[in-house]
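Worksheet: one structure, shown below.
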Amino acid sequence: MTFLDLPQMLSASGSVALPGSKSISNRALLLAALAQGETELRALLDSDDTARMREALAALGVLMSATDDGDLRVSGCGGRFPVRQAELFLGNAGTAFRSLTAVLAFAGGEYVLKGVPRMHERPIGDLVDALKTCGANIESLEKEGFPPLLLRPADIRPGSVVKIRGDVSSQFLSGLLMALPLAGVETTVEVDGELISKPYVELTLNLMARFGVTVKREGWRAFSIPAGACYRSPGVYQVEGDASSASYFLALGAIGASVENPVRVEGVGRNAIQGDVRFADALAAMGATVTESEDWISAARPTGGKPLRGIHLDCNHIPDAAMTLAVVALFAQGETTLANIASWRVKETDRIAAMAAELRKLNVRVEEGADFLKIVPPDAAHPLQPAVIDTYDDHRVAMCFSLASFGVPLRIRDPGCVAKTFPDYFDRFGAVAQPAPVIAIDGPTASGKGAVSARVARALGFHYLDSGALYRLTALAAREAGVDWADEAGVASIAARLDVMFHADGVRLNGREVGEAIRHEEMSSGASKVAALPAVREALLFRQRAFHCAPGLVGDGRDMGSVVFPGARLKVFLTASPAVRAERRVRQLLERNEPANLSVIQADLEARDARDRARPVAPLKQEADALLLDTEYLGVDEAVAKVLDWYHQIPLPWRGGRGVIPLCGGVAGEA
């Protein structure tokens, strides 16, 4: 499984051009396909979900082509698909699956609709039952009330009154409304119970009207489609920017942007037809500084240095964007309760359970109910902790938790799941979020990197990571556990559960001071051996990256700039001849009253250098963008001064890594 490591962020600012709305894109694609005439869809979202809809429509015989400007031209079929028999795979695209289920029920053909395993776990029985009321012929092929489905030609019943539950998914009502004009008879839909996610139904009605079908309504209780209604192309339709995607960047602004330099999202504004645009109101209620125009919205921290404040919110009007508030709540004073979110249970995953589980990994106190989440923000007794976040193949879980990196470093597993709606999300995130800086200092044993790094960190007020100490600690813990240093699986298991705490005067392992123990030559040799094991390096990789915190970090080792922090603001490679380094090691040993033989130590250093340079994983080498610092004739003070001078010469803002900030990716099983 792939992963993406995020350092702790310091601030955010800038503008983001939003991708097209997924909800609008898939509805517009379907209605353009059903309409009479040709429609040009502009700014259509290009994502996994819309790809599934386009593939399905193409399989049904709908002709689509790209315009010279890169938009999409759809030739409508006038309500009758050319292909009368097909098997469609819709992945985990709920909008596509539910709307096509309804439309194909009245299309007069025989169709099979399938998806990924999670889609087959998402209930659709309420929609199927409502369609059967109109005469639809639908069969569940595996479990009753769930996909996959077989649809045969309907026996349409004129003058039907269809009842559908409103408290499960608004997509059921939306799909039914879009499909009923194909029945050709007057039909009334009555909503049973409280309708959730009303703005998405409003969105559906808005698009239907743009394509020539006006639905009569009685509030949110009943909707009537007149006989003879048919879709007609509006000619050109411009897709709004995605308001749900806007929520992540507006939240970035509320958490980390100054009023003078806010985060602005472009492509959606105060008059957007998407309900999630009202996420901005929720941020304002939390105290954020929010500004809106016709086609953009910006957000920043509260004025006057005040903190965000927790809120209690009925989220029926912003069901998708409300997930973002669950992470914003970590940066607010006071509890936040998100209510009326039962629809989360039947999304790409059980989002209530998923959000609660991942928040708890961060050491957050969460109360989970059938239709609510209560989040208690961190405090001194419950500080945020770095964590590995599972995403459940759910794009919104991945995007929401990226915001938590303003509190602690994170690992996001399967970040590619964002392709469902926002394929380049993390690149856009990296363009507006500013991470804590990191200085990576590498070099062979006894080159002076430890002393120099510690002094540089102290001068800048940064954290200090002695990566070699982690490998020494692993070697020590393995020795104490009776695990051979060549036992890759055994040592990796120990590395993964190291109980380590660095402090001003040393380091503790399992609560015991071991600063002196890990400095013996035996542990130094053991560190070099276990560091050559790929599984051990993987186990310690995120632990090292978890040190990348505010206000900054200086890390020393052998692969800081090449593997651990490839996007470091400054990379330095320290070196000196083996003879000089051996003399330094002899002096260190004599100061500790330990025996020291110069020729033996030099031979050992040369052998270790060769082993470190030849290892297949993360070999010792100077990176192309690392500055060489030969310490053979330099004292520690001179070397420190040189590194500080290089650091201060680097202009801001600086660029590095993926996007603009150093985001570190990888594949589980590889370092």
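Some notes on this structure:
- Test: residue in region 492-502 that is among the β-branched types (V, I, T), more than 20 Å from A546 (Cα to Cα), open to solvent by less than 70 Å² (accessible area, probe 1.4 Å) and touching a Ser or Thr at 6+ places or on another chain (Cβ under 9 Å): no
- Answer from F106, F172, F97, F89 - the residue that is touching a Cys at 6+ places or on another chain (Cβ under 9 Å) and within 25 Å of Y200 (Cβ to Cβ): F106
- Test result for E538, open to solvent by 30 Å² or more (accessible area, probe 1.4 Å), touching a residue at least 60 places away in the same chain (Cβ under 8 Å), within 25 Å of N593 (Cα to Cα) and touching a helix residue (DSSP H, G or I) at 6+ places or on another chain (Cβ under 9 Å): no
- Filter result for P158 (open to solvent by 10 Å² or more (accessible area, probe 1.4 Å), more than 33 Å from the chain's Cα centre (by Cα) and modelled with pLDDT under 95): yes
- Looking across region 553-574, the residues that are assigned to a loop (DSSP other than H, G, I, E, B) and more than 30 Å from D487 (Cβ to Cβ) come down to G567, A568, R569.
- For region 510-535, taking the residues that are small (G, A, S) and in a helix (DSSP H, G or I), the one that is surrounded by the fewest Cβ atoms within 10 Å (Cβ to Cβ) is identified as S525.
- Residues of region 595-620 that turn out to be under 23 Å from V563 (Cα atoms) and out of contact with any helix residue (DSSP H, G or I) (no Cβ under 8 Å at 6 or more places or on another chain), as a count: 4
- Answer from A550, A618, A639 - the residue that is assigned to a helix (DSSP H, G or I), in contact (Cβ under 8 Å) with a residue 24 or more places away in the chain and closer than 22 Å to L465 by Cα: A639
- Against the criterion of being surrounded by 24 or more Cβ atoms within 10 Å (Cβ to Cβ), within 22 Å of D637 (Cα to Cα), more than 35 Å from the chain's Cα centre (by Cα) and not small (G, A, S), V452 qualifies.
- From the list K347, K361, the lone residue that is within 18 Å of the chain's Cα centre (by Cα), touching a residue at least 12 places away in the same chain (Cβ under 8 Å) and open to solvent by 40 Å² or more (accessible area, probe 1.4 Å) is K361.
- Yes/no for D604 being in a helix (DSSP H, G or I) and open to solvent by less than 20 Å² (accessible area, probe 1.4 Å): no
- Some residue of region 33-48 being basic (K, R) and in a helix (DSSP H, G or I): no
- Scanning region 629-650 for residues that are closer than 23 Å to R585 by Cα and under 36 Å from the mean Cα position of the chain (by Cα) yields a single hit, V643.
- Of all residues in region 104-132 being in a loop (DSSP other than H, G, I, E, B) and among the β-branched types (V, I, T), the one that is nearest to R165 (Cα to Cα): I124
- Entirely in region 328-411, the strands (runs of 3 or more DSSP E) that have 2 or more residues that are at pLDDT 95 or above and out of contact with any helix residue (DSSP H, G or I) (no Cβ under 6 Å at 6 or more places or on another chain): 336-339, 365-368, 372-376
- Summed over region 278-289, the residues that are assigned to a helix (DSSP H, G or I), open to solvent by 10 Å² or more (accessible area, probe 1.4 Å) and in contact with a Gly (Cβ under 9 Å, 6 or more places away or on another chain) give a count of 0.
The values are calculated or read from the model by the stated rules, or taken from the named source; none is laboratory data. Just so it is clear, the model here is predicted, and its values are computed rather than measured. Cβ sites come from the backbone with ideal geometry, for glycine too, and all protein chains shown count toward neighbours. Surface areas here come from the heavy atoms of the whole protein model, side chains and all, with no ligands, DNA or RNA. Shrake-Rupley method; radii C 1.70, N 1.55, O 1.52, S 1.80 Å.
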